[in-house]
1. Within the set of pairs 6+ apart or on separate chains, which have a first residue in the stretch 52-67 that is polar (S, T, N, Q), a second that is open to solvent by less than 60 Å² (accessible area, probe 1.4 Å) and in a helix (DSSP H, G or I), and C-beta atoms under 7 Å apart?
2. What number of residues within the stretch 47-70 are aliphatic (A, V, I, L, M) and within 10 Å of Val27 (Cα to Cα)?
3. Evaluate the following for Gln63: is it assigned to a loop (DSSP other than H, G, I, E, B), at negative phi, of a type outside the set (Lys, Arg) and open to solvent by 70 Å² or more (accessible area, probe 1.4 Å)?
4. Only one of (1) surrounded by fewer than 17 Cβ atoms within 10 Å (Cβ to Cβ); (2) within 17 Å of Gln63 (Cβ to Cβ) is not met by Thr32, so which one is it?
5. From Glu53, Glu38, grab the single residue that is open to solvent by 50 Å² or more (accessible area, probe 1.4 Å) and within 9 Å of the chain's Cα centre (by Cα).
6. Residues of the stretch 19-29 being open to solvent by less than 50 Å² (accessible area, probe 1.4 Å) and out of contact with any Lys or Arg (no Cβ under 7 Å at 6 or more places or on another chain), which ones?
7. Which one is farthest from Thr59 (Cα to Cα), of the residues in the stretch 1-29 that are of a type in the set (A, V, I, L, M), in contact (Cβ under 8 Å) with a residue 40 or more places away in the chain and part of a helix (DSSP H, G or I)?
Amino acid sequence: MPQFDRDLVALMRTALEDVMSRVPPEVSNAATKAFLAECILKAAAQGHTSYNELLAAATDHIQTVMTMFS
C-alpha cells in the first residue's frame with residue numbers, strides 16, 4: 001500500500017472537497033464521496049500528485065457517479 005506524505009494527503013482532501021462541490025445535490029452523499037475519494041487515491045498511487053491531476057481524476061468520474069447513485 002502506498003504511503004502518502006502529509007502535504008499530499010492535504011492536497012487530496014482539498015481536491016475531494018472541491019470535486020464534491022461540483023456534484024449535483026441529488027447524488028451528493030457518502031457513497032459518492034467515497035467513490036470519488038477512491039478515484040483520487042488511485043491517481044495519487046499512480047504518481048499523479050498535482051492538485052489539477054487529482055481534481056481531474058475525480059471530476060472525470062462525476063458522470064459515472066450520476067449513473068451509479070441516481
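1. Within 7 Å, the pairs are Thr59/Val19.
2. Within the stretch 47-70, the first condition is being aliphatic (A, V, I, L, M), and the residues that meet it are 54-58, 62, 65-66, 68.
Pick out the ones that are also within 10 Å of Val27 (Cα to Cα) and you get 62, 65-66, 68.
Total meeting the criteria: 4.
3. On the way: assigned to a loop (DSSP other than H, G, I, E, B): no; at negative phi: yes; of a type outside the set (Lys, Arg): yes; open to solvent by 70 Å² or more (accessible area, probe 1.4 Å): yes.
Spelling it out, it is not the case that Gln63 is assigned to a loop (DSSP other than H, G, I, E, B), at negative phi, of a type outside the set (Lys, Arg) and open to solvent by 70 Å² or more (accessible area, probe 1.4 Å).
4. Tallying (1) surrounded by fewer than 17 Cβ atoms within 10 Å (Cβ to Cβ); (2) within 17 Å of Gln63 (Cβ to Cβ), Thr32 fails exactly one: (1).
5. Numbers: Glu53 fails: within 9 Å of the chain's Cα centre (by Cα).
Just a single option satisfies the conditions, and that option is Glu38.
6. Kept after step one, since they are open to solvent by less than 50 Å² (accessible area, probe 1.4 Å), are these residues of the stretch 19-29: 19-20, 23-24, 27.
If the condition is that a residue be open to solvent by less than 50 Å² (accessible area, probe 1.4 Å) and out of contact with any Lys or Arg (no Cβ under 7 Å at 6 or more places or on another chain), then Val19, Val23, Pro24, Val27 are the ones that fit.
7. Of the residues in the stretch 1-29, the ones of a type in the set (A, V, I, L, M) are 1, 8-12, 15-16, 19-20, 23, 27.
Subset that is in contact (Cβ under 8 Å) with a residue 40 or more places away in the chain: 8, 11-12, 15-16, 19, 23, 27.
Now drop any that are not part of a helix (DSSP H, G or I), which leaves 8, 11-12, 15-16, 19, 27.
Numbers: Leu8: 18, Leu11: 15, Met12: 13, Ala15: 9, Leu16: 9, Val19: 6, Val27: 14 Å.
Here the answer is Leu8.
The values are calculated or read from the model by the stated rules, or taken from the named source; none is laboratory data. Just so it is clear, the structure is predicted and the values come from calculations on it, not from any experiment. Here the Cβ is made from the backbone with ideal geometry for all residues, glycine too, and neighbour counts use every protein chain on show. Accessible surface areas use protein heavy atoms only, side chains included; no ligands, DNA or RNA. Shrake-Rupley method; radii C 1.70, N 1.55, O 1.52, S 1.80 Å.
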